[in-house]
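Here the structure is laid out as structure tokens; the discussion comes afterwards.
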Protein chains: 2
Amino acid sequence: MKVFVVLAHPEPASLNNSLKDITVDALQKAGHEVIVSDLYRMNWKTLADADDFLDHDKKERLFYANASKKAYKEGTQTPDIEAEQKKLLWADMVIFHFPMWWFTMPAILKGWVERVFAYGFGYGVGKHEGKYWGLRYGEGTLVGKKAMLVVTAGGREPHYKETGINGPIDDILFPINHGILWYPGISALPPFVVYQADSLSAERFEQVERDYRQRLENLTTIEPIPYRKQNGGDYDDQQLLKAHLVKDKTGFALHNTEQTISETV
Amino acid sequence: MKVFVVLAHPEPASLNNSLKDITVDALQKAGHEVIVSDLYRMNWKTLADADDFLDHDKKERLFYANASKKAYKEGTQTPDIEAEQKKLLWADMVIFHFPMWWFTMPAILKGWVERVFAYGFGYGVGKHEGKYWGLRYGEGTLVGKKAMLVVTAGGREPHYKETGINGPIDDILFPINHGILWYPGISALPPFVVYQADSLSAERFEQVERDYRQRLENLTTIEPIPYRKQNGGDYDDQQLLKAHLVKDKTGFALHNTEQTISETV
């Protein structure tokens with residue numbers, strides 16, 4: 001298996017970096033090919049702006065999506081964007097390592113998504129007409145690939161449970177797993193979350209490492225989160241979930257075919 | 001009223017910038033004081049890293065939260081962070097203008113949150129002991145202030161309805177309205193969302209402007225989203241919502257005292 005690891009943390013001695021090292025070690029030992037994009041160390045250009053398009057006339061108004069479409073089509077994207085797209089196309093599995101800051105990914109990783117998931121690559125794929133709204137949510141450029149979020153959180157696990165004050169971890173990560181990964185076709189595995197990460201003792205780290213290595217051993221057989229396909233028959237022409245599928249859920253959980261329970265540490 | 005406007009868009013001729021101009025024009029004409037942070041034009045430093053702390057020894061491991069706590073307490077934050085904190089403390093109302101990119105705010109605004117909402121300012125406020133988990137979710141440094149998201153989205157409105165394929169707009173914005181604003185005490189007004197923003201005709205823009213000016217006229221009287229207070233009696237000692245309040249909802253909607261319906265254009 002070809003595995004692409006993306007790390008977003010400013011500190012080389014961080015827990016996130018240690019977990020990334022475990023990913024590389026365990027998967028290489030198991031015979032997989034692994035490449036890493038360590039965004040802070042790469043000085044990844046975070047901001048989406050006119051400099052992303054080699055042919056864009058800076059005197060013209062920038063419509064970022066249009067410029068992205070043109071540059072992707074004509075091969076005038078910047079080399080850093082192209083390189084990351086190639087890594088995604090190469091990979092069977094993408095593993096994202098990041099700390100949850102303010103209930104989502106760090107800015108540097110968000111900027112990676114904004115720039116790399118270009119129009120024609122990450123969105124705007126396929127025909128948008130009639131009852132079709134393009135190839136998205138289970139179809140698209142990256143269909144058949146899998147991904148997993150490996151997330152550290154400062155907070156306590158109960159605060160992220162179904163009725164916990166922060167909201168359920170599955171819902172907090174839904175805009176990423178469903179909105180960023182499933183959208184261009186990637187199947188998201190249940191996330192691996194380490195809670196109270198700011199106060200991790202040596203003993204707890206050992207337990208986390210054992211659990212995480214176990215997860216990595218099972219990586220190829222774990223079932224992805226069963227999000228519904230846009231063009232799979234569950235949605236009507238307005239992209240509303242058909243009434244008989246609504247049942248007793250509200251919110252994001254409607255878009256799973258079953259309730260997902262995240263593995264937690 | 002003192003109003004702090006934060007804009008995150010790379011293009012000065014963008015719809016987002018036009019909406020920001022309407023905010024400034026309408027509120028100044030109504031006698032309010034308005035200041036603007038235009039993040040792209042300010043060359044806002046997006047990345048949270050060791051350079052944010054004037055006293056941090058770069059040979060030492062960076063624990064961002066700890067370094068933030070120390071720098072906030074000792075006055076050794078960088079001037080750009082301090083300046084934004086002062087604007088927040090000055091303001092009665094904060095209006096955020098941004099395009100929804102991949103179901104959340106652009107990276108530059110996320111980086112603003114990560115750096116400005118320091119430990120001791122945005123989080124880690126108050127005692128964390130016993131059944132208290134600090135002053136957050138309706139208490140904290142910024143309590144009594146209000147905020148509103150003014151968001152443009154490329155997608156169509158039905159896709160963001162309660163059963164729409166993207167998930168409900170209220171849930172998509174929950175990690176911001178609840179997790180970023182309500183957390184340090186700010187009450188979030190219902191968002192103002194412009195759908196299909198990439199194909200806005202002159203006629204539709206006129207309608208949007210009328211609706212938005214109407215919204216601004218009512219700004220001081222609109223009721224905030226009624227999120228529950230952490231220490232208001234609705235949560236138990238583990239920060240789980242008490243069972244009698246769960247009723248027939250699942251997901252983020254549990255944390256409103258009533259179902260919120262966003263105004264849409």
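Odds and ends about this structure:
- Fraction of beta bridges assigned by DSSP in the range A:73-192 that are antiparallel (%, nearest 5): 20 percent
- Exposure proxy ranking, count of Cβ atoms within 10 Å, fewest first, for A:His244, A:His255: A:His244, A:His255
- Per-residue ellipticity at 222 nm computed for chain B from its helices equals -8000 deg cm²/dmol, with DSSP H segments shorter than 4 residues left out and the rest contributing -39,500 (n - 2.57).
- Only Lys, Arg (+1) and Asp, Glu (-1) charged, at Cβ; the range A:40-186 dipole about Cα centre in debye: 80 debye
- At q = 0.24 Å⁻¹ the log10 of I(q)/I(0) for the range B:105-161 amounts to -1.02, computed by Debye summation with a single uniform scatterer per C-alpha, solvent ignored.
- Long-range amide H partners of B:Val6 with built H, under 5 Å: B:Ser37, B:Ile95, B:Phe96, B:His97
- Shielding by partners - mean other protein chain Cβ count within 10 Å, residues of A:5-15: 3
- Global geometry of the protein assembly as shown, whether rounded, prolate or oblate, following the gyration tensor of its Cα atoms and the 1.5 cut on a/c: rounded
- Of all chain A residues, the closest to the A-onto-B rotation axis by Cβ, with that distance in whole Å, is A:Gly251, 1.
- Integer Hz, Karplus 6.51/-1.76/1.60 couplings in order for the range B:133-144, x for Gly and Pro: 10, x, 9, 8, 6, x, 10, x, 4, 10, 5, x
- Amide H contacts under 5 Å for A:Tyr119: A:Lys69, restricted to partners 5 or more places along the chain or on a different chain, H placed in the peptide plane at 1.01 Å from N.
- Summing Lys and Arg as +1 and Asp and Glu as -1 over all other residues whose Cβ lies under 12 Å from the Cβ of A:Ala91 gives a net charge of +2.
- A simple rule links phi to the HN-Hα coupling: the Karplus curve 6.51 cos²θ - 1.76 cosθ + 1.60 with θ = phi - 60°, which for the range B:78-95 gives 5, x, 5, 5, 4, 4, 5, 4, 5, 4, 5, 5, 6, 6, 8, 9, 10, 10 Hz, with x for Gly and Pro.
- Cα shape, the range B:1-42, gyration tensor, a/c 1.5 rule: oblate
- When the Cα positions of B:Pro168, B:Leu240, B:Ile35 are compared along the charge dipole of chain B, B:Leu240 comes out farthest toward the positive end, with charges on each C-beta of Lys, Arg, Asp and Glu.
- Electrostatic dipole magnitude of the range A:180-265 [Cβ: Lys, Arg +1; Asp, Glu -1; Cα centre; debye, to 20]: 220 debye
- Projecting 7 Å from Cα along the Cα-to-Cβ direction, the label point of B:Asp25 sits 6.1 nm from its equivalents in the other copies, listed shortest first.
- From the alpha carbon centroid of the range A:1-80 to that of the range A:129-171 is 20 Å.
- The protein assembly as shown - share of DSSP beta bridges that are antiparallel (%, nearest 5): 20 percent
- The same position A:Lys2 in the other copies lies at 5.6 nm from this copy, comparing label points 7 Å beyond Cα toward the beta-carbon, shortest first.
- The range B:172-189 - phi-based ³J(HN,Hα) in whole Hz, Karplus 6.51/-1.76/1.60, Gly and Pro as x: 4, 8, 4, x, 8, 5, 8, x, 10, 8, 5, 3, x, x, 7, 7, 8, 6
- Cβ-placed point charges (K, R +1; D, E -1), dipole of the range A:2-255 about Cα centre in debye, nearest 20: 500 debye
- GluC sites (Glu not before Pro), loop per DSSP, at most 12 other Cβ atoms within 10 Å - longest free stretch of chain B: B:61-257
- Prolate/oblate/rounded call for the range A:2-255, Cα gyration tensor, a/c under 1.5 rounded: oblate
- Low-density loop cleavage sites - trypsin sites (Lys or Arg not before Pro) in the range B:57-146, where at most 10 other Cβ are within 10 Å (DSSP): B:Lys58, B:Lys59, B:Lys127, B:Lys131
Throughout, read-outs are computed from the coordinates displayed, never taken from laboratory work. As the structure is a prediction and not an experimental result, all values here were calculated from the model. For neighbour counting, all protein chains shown are included, and Cβ atoms are generated from backbone atoms with ideal geometry for every residue, glycine included.
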